[in-house]
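Working notes, beginning with the structure itself.
Throughout, read-outs are computed from the coordinates displayed, never taken from laboratory work. Fair warning: this is a prediction, and the values are worked out from it, not measured in the lab. Don't worry about glycine lacking a Cβ; one is built from the backbone with ideal geometry, like all the others, and counts go over all protein chains shown.
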Amino acid sequence: MFDKILIANRGEIAVRIIRACREMGIKTVAVFSEPDREALHTQLADEAVCIGSAKVQDSYLNMNNIICAAVEKKVQAIHPGFGFLSENSTFAAMCEECNIKFIGPSAQVIDALGNKSNARDMMVKAGVPVIPGSDGIIEDAGKAHEVAKKLGYPVIVKASAGGGGKGIRIVRSEEELEEAFESARSETIKAFGDDKMYMEKLVEKARHVEVQILGDSHGNVIHLGERDCSLQRKNQKVLEEAPCPVLPEDVRGKMCNSAVLAAKAAGYQSAGTIEFLYDEASQEYYFMEMNTRIQVEHPVTEMVTGVDIVKEQINIAYGKKLSFSQKDIKVNGHAIECRINAENPSRNFAPCPGLIDYLLIPAGGLGLRVDTAVYEGYEIPPFYDSMIAKVIVHGNSRKEAISKMKRALYEFIIDGIETNIEFQNSILNNPDYQKGNFNTSFLESFLAEWKE
């Protein structure tokens with residue numbers, strides 16, 4: 001097994017990975033920016049290296065500085081977590097060139113799946129259902145009009161290299177198309193340095209359902225069931241749960257099998273996620289994209305399967321076979337995750353960095369987990385993502401899980417900053433959410449009526 005791993009990330013995911021490594025007897029190296037000098041991940045790791053200033057380009061996206069830290073500290077592997085460099089093929093290739101194992105898929109696989117139009121073509125060849133859309137890249141607005149006319153409105157314009165909700169526009173009429181196409185392309189150039197666009201038919205009132213997969217270097221690929229990630233604001237997930245509360249068993253089986261087919265077609269090794277849109281009315285599902293990294297919401301899958309996904313990632317990277325086969329995977333009960341952000345929902349979810357004066361983290365009882373990197377007296381810097389914690393609960397039923405989450409949020413007290421805890425609680429108390437009546441447009445209508 002690896003002796004020492006560097007974690008090229010920060011916040012709760014860095015803490016999560018450090019803890020998994022410690023349980024496996026692996027030493028860890030944390031990297032940090034100047035504002036993160038007192039961060040929890042720097043304190044928990046065996047060693048810590050400053051890699052730059054507050055700007056992510058100078059620190060957490062600074063590949064040279066991270067590689068230099070890894071070489072200096074003589075690590076055998078780098079875990080990228082999620083975000084930052086986790087899906088950066090250049091970084092994965094740099095690790096390989098320096099004889100450092102990148103804990104994730106190869107640079108070639110990241111490139112193949114990171115380009116959404118290429119990934120779509122791969123899925124078509126593998127027999128995985130895809131959303132009706134353009135055949136390859138759309139070069140200009142004129143071609144976009146041709147494709148949209150063929151598909152029928154509404155359509156969705158997407159950046160081929162997109163992610164995090166960037167480079168995406170919903171177009172409902174011919175008059176809107178040219179402006180939407182150009183603004184999406186401009187946004188993706190700024191965000192990803194790539195102007196390639198494609199188009200899909202918009203599947204409205206659908207659910208966002210994703211399947212967790214694991215693949216090793218010995219040809220074994222399995223799934224760990226699905227998660228429902230439909231509760232989103234501006235294409236960013238807010239609350240996730242596993243399993244999807246409305247998926248019929250026969251559709252669940254087909255979707256999970258499609259995810260395994262997709263991973264095998266890509267020659268995938270590591271933990272990954274196949275994302276689908278599910279049309280509840282027709283019971284049809286369609287491939288959207290594959291995430292070549294661990295997901296923020298991986299704990300809900302861990303809760304219902306008992307599989308430690310981070311440890312499996314590390315074992316796979318070392319060359320070990322998966323610890324289990326598909327028949328060993330059982331989904332038990334129901335899990336929910338609420339993302340706790342330092343933000344003010346009443347002010348359009350404006351970030352609220354600052355000093356935490358008092359902190360009470362919910363604890364006690366079976367099936368409760370809080371992943372966080374904050375502590376009392378910690379000052380949340382204004383330079384990074386506003387997510388400061390994830391509350392994850394597990395119950396024998398969805399009803400029990402909802403009740404447990406409401407109890408946990410009631411006990412979660414943070415003074416000194418604004419958070420979205422009450423907003424999350426209001427979702428849990430919504431009758432439609434409790435009945436499982438929601439889709440990707442739910443929060444849009446919910447927010448129109450919501451008052452803190």
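Taking amide H as placed 1.01 Å from N in the peptide plane, SER230 has its amide H under 5 Å from the amide H of HIS208, each at least 5 places away in sequence or on another chain.
Counting only Cα atoms, the range 282-413 measures 48, 37, 34 Å along its principal axes, largest extent leading. Over 30 Å between Cα atoms, which of LYS4/LYS237; LYS158/LYS311; LYS166/LYS406; LYS150/LYS205; LYS125/LYS435; LYS190/LYS320 qualify? Among LYS4/LYS237; LYS158/LYS311; LYS166/LYS406; LYS150/LYS205; LYS125/LYS435; LYS190/LYS320, the Cα-Cα distance tops 30 Å for LYS4/LYS237; LYS158/LYS311; LYS166/LYS406; LYS125/LYS435; LYS190/LYS320. Eigen-decomposition of the gyration tensor built on the alpha-carbon atoms of the range 3-147 gives equivalent ellipsoid semi-axes of 36, 17, 14 angstrom, largest listed first. Shown in residue order for the range 221-232 are the 3J(HN,Hα) couplings computed by the Karplus curve 6.51 cos²θ - 1.76 cosθ + 1.60 at θ = phi - 60°: 9, 9, 10, 10, x, 10, 10, 9, 10, 6, 7, 9 Hz (x for Gly and Pro). The C-alpha atoms of the range 161-314 occupy a region whose extents along the principal axes are 49, 36, 28 Å, arranged from largest to smallest.
Centroid-to-centroid, using Cα positions, the range 272-336 and the range 62-106 are 23 Å apart. For the chain, complete DSSP H runs whose alpha carbons reach 18 Å or more along their own long axis and whose mean Kyte-Doolittle score is -1.0 or higher are 11-23, 174-192, 249-265.
Relative contact order, whole percent, for the range 43-98 stands at 25, derived from Cα pairs under 8 Å and 6 or more residues apart.
Which order do the peptides 227-234, 172-179, 14-21, 394-401 take when ranked by the mean count of other beta-carbon atoms within 10 Å per residue, highest first?
Output ranking for 227-234, 172-179, 14-21, 394-401: 14-21, 227-234, 394-401, 172-179.
Structural descriptor for the chain: relative contact order 14 percent, calculated from alpha carbon pairs under 8 angstrom and at least 6 residues apart.
Return the inverse of the average 1/r over all pairs of distinct C-alpha atoms in the chain, which is the Kirkwood hydrodynamic radius, in Å to one decimal.
22.6
Averaging the sequence gap over all C-alpha pairs within less than 8 Å and six or more residues apart, then dividing by the number of residues, gives the range 20-142 a relative contact order of 14 percent. Using only side-chain charges placed at the Cβ, +1 for Lys and Arg and -1 for Asp and Glu, the dipole size of the chain relative to its Cα centre rounds to 1080 debye. Close amide H partners of GLY52, meaning residues 5 or more places away or on another chain with modelled amide H under 5 Å apart, are GLU34.
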